[in-house]
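Engineer: Handing you this structure, nothing more for now.
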Amino acid sequence: MALTEDGHRNKGYSLTGKDALDYYQVAEIYSRVLDKEIKYTKPSIFRFFYRMHKRGMKTGYILIMIAFYTTARLGLAKKTTSKLEELLDREPISVEQYVSDYKGCWM
């Protein structure tokens, strides 16, 4: 597989699909594919932390999720790269295809 081959040790990659989607667009895709309304509510970081902590998630994991979330909210995740396609040696699937492929997990 791509990352089990030599040459990837201690490297970091920015892996994206072909589209830079915001959270509202992702919620719309989930809604359409699942035929169920999914809303992005734009929670505050404090509210998000509280909810995830209440669900039993570990603090370190929650903080990593907050870092990704903050990056996207600041508009720093608007670019796409071709690195995932290069590593997979094929086009990455779309969010719509991903939701459809794993539909049973979301219902």
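Engineer: Can you tell me which of Asp101, Asp89 is modelled with pLDDT of 95 or more, open to solvent by 70 Å² or more (accessible area, probe 1.4 Å) and under 25 Å from Leu3 (Cα atoms)?
Structural biologist: Being modelled with pLDDT of 95 or more, open to solvent by 70 Å² or more (accessible area, probe 1.4 Å) and under 25 Å from Leu3 (Cα atoms) holds for just one of Asp101, Asp89, which is Asp101.
Engineer: In contact (Cβ under 8 Å) with a residue 24 or more places away in the chain, assigned to a loop (DSSP other than H, G, I, E, B) and over 25 Å from Cys105 (Cα atoms) - does that describe any residue in the stretch 10-17?
Structural biologist: Yes, the stretch 10-17 has at least one match.
Engineer: Under 9 Å by Cβ, and 6 or more places apart or on different chains, what pairs join a residue from the stretch 79-107 that is more than 13 Å from Ile29 (Cβ to Cβ) and touching a residue at least 24 places away in the same chain (Cβ under 8 Å) with one that is outside any loop (DSSP other than H, G, I, E, B) and open to solvent by 80 Å² or more (accessible area, probe 1.4 Å)?
Structural biologist: Going by the 9 Å Cβ cut-off, the qualifying pairs are Leu87/Leu3.
Engineer: Now for a separate question. Please go through the stretch 54-81 and pick out each residue that is in contact with a helix residue (DSSP H, G or I) (Cβ under 9 Å, 6 or more places away or on another chain), closer than 14 Å to Ala20 by Cβ and open to solvent by 60 Å² or more (accessible area, probe 1.4 Å).
Structural biologist: Arg73, Leu76, Lys78
Engineer: Working only within the stretch 18-43, note down all residues that are in a loop (DSSP other than H, G, I, E, B), within 20 Å of the chain's Cα centre (by Cα) and either more than 22 Å from Thr70 (Cβ to Cβ) or charged (D, E, K, R) (or both). Steps first, answer last, please.
Structural biologist: Quick first cut of the stretch 18-43, residues in a loop (DSSP other than H, G, I, E, B) only: 18-22, 35-43.
Add one more test, that the residue is within 20 Å of the chain's Cα centre (by Cα), and what stays is 18-22, 36-43.
Across the stretch 18-43, the qualifying residues are Lys18, Asp19, Asp22, Lys36, Glu37, Lys39, Lys42.
Engineer: Restricting to the stretch 25-48, name every residue that is of a type outside the set (Lys, Arg), surrounded by 11 or more Cβ atoms within 10 Å (Cβ to Cβ) and either modelled with pLDDT of 95 or more or closer than 22 Å to Asp101 by Cβ (or both). Don't jump to the end; show me each part of the working.
Structural biologist: Applying the first criterion (of a type outside the set (Lys, Arg)) to the stretch 25-48 yields 25-31, 33-35, 37-38, 40-41, 43-46, 48.
Now restrict to residues that are surrounded by 11 or more Cβ atoms within 10 Å (Cβ to Cβ): 25-31, 33-34, 38, 40, 43, 45, 48.
Residues satisfying the conditions are Gln25, Val26, Ala27, Glu28, Ile29, Tyr30, Ser31, Val33, Leu34, Ile38, Tyr40.
The values are calculated or read from the model by the stated rules, or taken from the named source; none is laboratory data. Quick caveat: nothing in here was measured; it's all calculated off a predicted structure. Note that each Cβ is placed from the backbone with ideal geometry, even for glycine, and that neighbours are counted across all protein chains shown. Accessible surface is based on the protein model in full, side chains and every heavy atom, while ligands, DNA and RNA are left aside. Shrake-Rupley method; radii C 1.70, N 1.55, O 1.52, S 1.80 Å.
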